[in-house]
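Reading through the structure tokens given below for one structure.
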Amino acid sequence: MNYSFEYIDIILLAMIAGFIFLRLRGILGKKTGFEEDLSPSYSHEASETKPTPKLNDDTFDENAKKEFLKGAQVAYELIITNFSKGNLKEIKSLLNKSVYQDFDKAIKEKKSKNILSETTFIGIDSAEIKDHQQNKNMIEVTVEFVSEIISCIKDKDNRIISGDPEKIKKVHDIWKFSKDSNSNNPNWFLIDTQV
């Protein structure tokens, strides 16, 4: 009699484990091999790498665009907030050399003039891919962002020079990201910004 209860316990535990597995899979999703690598290329919180689809006209379908835009929006917010704090170390892996140097120069210029930039990132209203092309092994994707930001610039005495610390403004940015399709590095780099 005791043996039958043990079998029932084992069956019940197996059913519970199966249920938990199916629930987790439903919540977390199934890995297909085409997930965009958001960790090192955008939020750089982990070092796990995943294959990224090449962005030619055949494979850059709606799903690939959605996945890319998810990562691009994470990168956009990270770059905006860290640049405004003068913290390039956190976003260095997201910028190509030229953009990094431009950002570094702008931050040093603000410091030399004793100017303080305060930025509060509210959110992204829209992100849309305007262009994607592949030139040999380099993939370039141009994205138009419309975001809401509160920003103001203050002098050394905390007086407002420009902007409004109480007013949300809409910002339109066009950013270009690039990636070497032959490289094992999954990172996308910001290579150009336009306002």
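Read-outs: derived from the displayed coordinates by stated rules, not from any lab. Note that the structure is predicted; figures quoted are calculated from it, not measured. Positions of Cβ are backbone-derived with ideal geometry, glycine not excepted, and every protein chain shown enters the neighbour counts.
Loop-located trypsin sites (Lys or Arg not before Pro) in the range 142-175 (DSSP state other than H, G, I, E, B) with a sparse environment of at most 14 neighbouring Cβ atoms within 10 Å: Lys156, Arg159, Lys167. Residue separation of Leu88 and Glu166 scaled by 0.36 nm, minus their Cα-Cα distance, works out to 25.5 nm of gained length.
Compared with the direct C-alpha span, the chain from Lys113 to Met138 gains 5.2 nm at full extension, assuming 0.36 nm per residue.
The alpha-carbon positions of the range 60-195 define a convex hull whose volume is 105 Å³ per residue. Which whole-number percent is the relative contact order of the range 60-195 (Cα, under 8 Å, 6+ apart)? 21 percent.
Annotation: lysines with alpha-carbon distance below 30 angstrom to Lys136 (same-chain offsets under eight excluded): Lys31, Lys50, Lys54, Lys65, Lys66, Lys70, Lys92, Lys97, Lys176, Lys179. Across the options Ile91, Ile129, Leu78, the greatest Cα extent toward the positive end of the charge dipole of the range 69-182 (unit charges at beta carbon of Lys, Arg, Asp, Glu) belongs to Ile91.
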